[in-house]
Structure formats: structure tokens, C-alpha cells
Amino acid sequence: MTTQEYIIQQLQRFLDARQISGIEIILEKPKEEKFGDFASTLALQLAKHLKKNPRQIAEELKAFIPVDERYISRIEIAGPGFVNFFASKTYLYTQLRKILEEKERFGQSAVGKGKTAQIEFVSANPTGPLTIGHGRGAVLGDTLARLLQAVGYKVTREYYFNNAGRQMRILGESVRLRYLELCGEKVEFPEDYYQGEYIIDIARTIFKEKGDALKSETDIAYFKDRAEQIIFTGIKNTIRRLGFEFDVFYNEKSLYDEGKIDEIIERLREKGLIAERDGAVWFLTSKLGFDQDRVIVKSSGEPTYRLPDIAYHVEKVKRGFDLIIDIFGADHIATYPDVLAAVKALGYDVDRIKVLIHQFVTLYEGEEKVKMSTRKANFVTLDELMDEVGVDVTRYFFLMRSMNSHLNFDLTLAKKQSEENPVFYIQYAHARICSILKLAETRKIDLNATADLALLQAPEEINLIKHLVHFPQVVESGALNYEPHRLVNYLYDLATYFHKFYTECRVIGDDLQLSRARLALIDAARLVLANGLGLLGITAPDHM
RNA sequence: GCGCCCUUAGCUCAGUAGGAUAGAGCAACUGCCUUCUAAGCAGUGGGUCGGAGGUUCGAAUCCUCCAGGGCGUACCA
């Protein structure tokens, strides 16, 4: 049992004894040290209910709860009726021991054990290389997957794509025109075609393979397919470089092939949610409380993105995942409310579908704002970014802010000042520890001998231990709230606690017993830093 | 017009379910390397938490209105 659990249990016992129900017990982490490690506002909450002075209730609480040295060392009342609990050192040492025993497992939990989750992200159509815009979604999705796995979920990373339709036709046509240029023909390259350099590269590849044999080929099929192949290979390489792989690439086309698309229309029609107007098929969202209806099949006979999206989400639910996560950029914000409305109207449980929207990445080149667009030539690819600043910095930057905050990414700064980057601050803490451990090894200090942890008494030591002990809760809250940046902030703070400790406390010194205890402490810190960075997909270097 | 997100120190952002004196990094200024990595530590200055009401013991946090910015609001995805 943790100290937190002990306190909650005791508070609950207090409520039970007075037959009070319907109150959820919340423990807070006070900002200031003098207010203890955990604080309860129960007395304040109960004041009105019991028609008593909160201070008096707090006194009763204090008298009621036994000071069990295994968990807490004292209870204090402060302010208007806060009840502050101080974790006992016995508890902290026990937990520190636990970290050293659990090693790379420390931080994992079982709240999601036996559950499955599917995360769909990136999902860029194969019309060009991944850009920085995709990068944020990619890193968020992968990190969320890692976090969910850490709390016990079995996770499927999924990439949904569409290799048919207008975009792909333009892609094929763009490549064909570039190819003709290489064959020495004069061509007019339309403005709304894909302008990027990569199109020329693809054409060049085809030219190398086929010479001018396709010169009079008017069917774009070959150009389109070959372009898709090359682009997809590139995307997969980029993803691999970022540090993960997708488990499933789901082709929108399969929804058509298996009749899922028609099925959705029919089922919506049965619900009276379909109408034909102006040669198009409309989804009557107005009947579901929206302000206007939406077209799901254009008068050309081509479905809009909404229809396959609905079918795809129905499939996801049918596949039986306990948790289904979609990660979109803010520009797709309009696409999901009516999709979910349709899924719900067809009788499926949409509560398990979580749509996460991340705000845009604005790229700066110094003071200059860089506009990005795949169609136009000017974009910075994820690969280029990784070339410049490395994978660790890339991932860290995408993760360090909450996803609903706009991300300003100053490329010039990231390149130039990468030494001052916060990710190095965290990695540096890890490297410093490794360096001390290495020294301990050359001094032949036995790390496996049982250290007397009770020798750890300095405030810097106690603060470090407290922060280490908190790690599993951070992982859990990051996973369950879908907020990876919490872990980033935690690790940054952990590095601060370590650096402070390092400055004040010499690890390897004259007192062998103390050295051993401190080695145990930093080894635990090393484990937590490594586990935490691992969850972020960032390396934990031995030296820098 | 409508929907979603944002507005906190000069700049970039945290602020974990409403809690105690609002935090960090960068930038500015001042100290600390003969000792395990100074990519570090300590300190100083810097704020009407966009504005106005409301809810209550208590609001940066919840509600309403207003202002500013971003993204949408397609028979594009």
C-alpha cells in the first residue's frame, strides 16, 4: 500500500463511521514543503454538510487517523481546515528499495490490464513526404501508445490511408508531366499540381528504370502506383527513424471492396437519415441536432471523406477495442462530430472513441514564419528536421507542450542552440549518474551490497526520493488523460532535483556506508530517468 | 454568423479534479569549477493570470458576456 492509499483508506473510514456518503476523497499535493506531502480538504468540504467549523472537523480527523509510521510521520492542521500529512521516511526508504527491485518495470501499472486500445494517427495520404505538421501527431500518437502500454493496455498503432481519388490522380498526373520533361518534352505544369521537388525525384527514378518507354503512355496508372510505392516507402522510413512502427496500415479501399460503404448508406437510410437532393446523397445531420445536412455522396458518384470515415469507425468499434483514439490536427476539427453522430445513430457505443485534436505547429525560421503546404513546394519535411536537430530533440519539442497549445518551432533556434535545449538538461542528469556509477565500479564499491538507506537524510536526498516515488502516478495520469507532456514536465523536474542533489551531496566520499546509500539513490534516479525517457522515445545516454 | 482551441513575467510555456504567498525555461544582472561531467547550482529584478460580471469559505481554473489571435464551417481530405 502506498502512503496515499493509506490516507485515503483512513479518510474513507472516517466517512463511513459517520455514515457520510457521496463524497469523493481527493488528496492534493501541496505546493509548499511545509504543508506536507499530501493534503486533504475533506474538512472544508464537510463543513457545510455537518454544519460545523472546518477547523473542528479537521481536529476530529487528526484524532481519528492513526499515525502509522510505515506510511506517515505526522498530521497537521493548517489554514482554514487543511489536513496535511507528512510521509514517513520509513515509507520513502521502502519505496526507494522497491524502485531498485522493479528496475525497468518501475512506473508500469495494471490499470489497463486486459484492455485493448487502438490509436489511429498520422494517416497522411501517400501524396508526399511527412512534414513537420505530421510530426507532432506522429510523436504524440506513439508516445501515447507507449504510455498506454505501460499501464497495461495492449495497443494497436494504426495508419489509415486512401490511395484513390482526386488527390492521387493529380499525383500521378504530376509525376507523368515531370517524366515527360525528363524525356525532353515541353510541358505546361499546372499550378494546382504537386510542385514539390520530390515529384521530380520520383520521375527521375522512373526515367532511370524505364528510359523514355512510357513517353506516349497517357494512362497515369503506372505513374500513380510507382509514386505511391516510393512515397510510402519514404514515409515508413521516416516513421522508423522516429522510433516506432505501425501495426496496421488500413486502406480505405478495403471498405469499398468489402461492401462496408454501401452498407453504411443502407443502414442510415433505414434510420431515415438519408435523402437524395440535387443528384447527391445527403446525410441528414440536422435530424441529429446539427445546424445543417452534409453530403456523403457527391453528384459525381464519389463519396465525400465522411462516408468512409463513418464506415471505418464502425469497423473499429466492431473490432472490439476497449479504447479507440483518433489523433487529428486542428484543421480536421470539423470532420469528427458528424462522423461520431453517425456511428452513434447506428447504435454503437461512441464513448470509447476519444478524439484528440492537436493544435498547429508554426515553424519559424528566425523571426520569419514559414508557411507549409504539401501541394506547394515550400515545406520542411520531418526527415529534414531530424537531420538538423536529431530524433531526441524532435520528439522532445513535439511533446513538451500540451497538445491544445500552438507550438512555435523556431528552426534556427533549434539548430543553433541545441546545446541549451531542455532535453539535454534531462539527458545530462542521466549521463552524470552513469559517470558516477562508472567511477564507483573502478573504485570497486559493491553496488549489490545492501545499503543503509536510512543514512539518506539531507533535504536534497529526501526531495529526490519523494519525486522518484511519484513516477508511477505520473505515467498513469499521462496515459489516462492522454497528456504525454505531463511526463515531460515531470522528468524535467526530476532532473532539477537530481542536479540540486548532485551539487550539495558528494556521492563517492570517505564514508563508505553513506556512499553506498547515495549510490543506491542515484541508481534509482537513473532507472526512473531511463524509464521515463524510454516512454517518450528519447534516448538516455551514458555520457555526453 | 456558427463551432473548436488559445490569451498567465520582455519572449516561449507549465499550473495535474476550484485550494494556502501564481511557477519554470530563455533573455538581463550577480556569485560558485584543485574534488563524481559548469550541458550544472545559488541569487536579483520582472505579473491588475486579456477585460467585466457571477457561482462559494476560496477562482488562473467553473458559468455568462465582451475583446484579441488561430483553425474550421465544401458536392477538398
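Values computed for the structure shown
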read-out	value
In the range A:494-517, residue most open to solvent (accessible area, probe 1.4 Å) [restricted to those that are near RNA strand B (Cβ under 8 Å from one of its atoms) and charged (D, E, K, R)]	A:ARG506
Filter result for the condition that a residue is within 30 Å of A:VAL380 (Cα to Cα), open to solvent by less than 50 Å² (accessible area, probe 1.4 Å) and among the polar types (S, T, N, Q), over A:THR131, A:THR116	A:THR131
Residue list for the range A:355-373, restricted to those being open to solvent by less than 60 Å² (accessible area, probe 1.4 Å), at pLDDT 85 or above and either small (Gly, Ala, Ser) or not in a strand (DSSP E or B) (or both)	A:GLN359
A:ALA451 being more than 9 Å from RNA strand B (Cβ to nearest atom) and either of a type in the set (Asp, Glu) or over 30 Å from the mean Cα position of the chain (by Cα) (or both)	yes
Complete set of residues in the range A:374-383 that are surrounded by fewer than 20 Cβ atoms within 10 Å (Cβ to Cβ) and at pLDDT 90 or above	A:ASP383
Candidates A:GLU32, A:GLU69, filtered to the one that is surrounded by fewer than 18 Cβ atoms within 10 Å (Cβ to Cβ) and within 9 Å of RNA strand B (Cβ to nearest atom)	A:GLU32
Meets criteria (touching a strand residue (DSSP E or B) at 6+ places or on another chain (Cβ under 8 Å) and outside the structural domain of A:ALA449 (by TED's automatic domain parsing)) for A:ALA78	yes
Residues within the range A:271-310 that are more than 15 Å from A:LEU340 (Cα to Cα) and open to solvent by 70 Å² or more (accessible area, probe 1.4 Å), tallied	9
Matching residues, the range A:9-29, being touching a strand residue (DSSP E or B) at 6+ places or on another chain (Cβ under 7 Å) and open to solvent by 60 Å² or more (accessible area, probe 1.4 Å)	A:GLU28, A:LYS29
Residue count, the range A:39-49 (criterion: open to solvent by 30 Å² or more (accessible area, probe 1.4 Å) and in contact (Cβ under 8 Å) with a residue 12 or more places away in the chain)	3
Pick from the range A:177-200, criterion of a type in the set (D, E, K, R) and touching a residue at least 24 places away in the same chain (Cβ under 8 Å), ranking: least open to solvent (accessible area, probe 1.4 Å)	A:ARG178
Single residue of the range A:327-354 satisfying the filter (away from RNA strand B (no atom under 16 Å from the Cβ) and in a helix (DSSP H, G or I)) that is most open to solvent (accessible area, probe 1.4 Å)	A:LYS344
The one condition in (1) open to solvent by 60 Å² or more (accessible area, probe 1.4 Å); (2) away from RNA strand B (no atom under 11 Å from the Cβ); (3) not in a strand (DSSP E or B) that A:ILE57 fails to fulfil	(1)
Members of the range A:322-336 that are over 22 Å from A:VAL139 (Cβ atoms) and either in contact with a strand residue (DSSP E or B) (Cβ under 9 Å, 6 or more places away or on another chain) or assigned by TED's automatic domain parsing to the domain that holds A:TYR153 (or both)	A:ASP322
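The rows are residues; the columns are (1) more than 16 Å from RNA strand B (Cβ to nearest atom); (2) closer than 30 Å to A:THR116 by Cβ; (3) touching a Pro at 6+ places or on another chain (Cβ under 8 Å).
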| residue | (1), (2), (3) |
| --- | --- |
| A:GLU181 | yes, no, no |
| A:ILE200 | yes, no, no |
| A:ARG204 | yes, no, no |
| A:ALA213 | yes, no, no |
| A:ILE220 | yes, no, no |
| A:ASN251 | no, yes, no |
| A:ASP257 | yes, yes, no |
| A:GLU266 | yes, yes, no |
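The values are calculated or read from the model by the stated rules, or taken from the named source; none is laboratory data. On a predicted model such as this, the values are computed, not experimentally measured, just so you know. Every residue, glycine among them, receives a Cβ derived from its backbone with ideal geometry; neighbour counts consider all protein chains shown. Just so you know, the surface numbers come from the protein's heavy atoms only, side chains and all, with ligands and any DNA or RNA stripped out. Shrake-Rupley method; radii C 1.70, N 1.55, O 1.52, S 1.80 Å.
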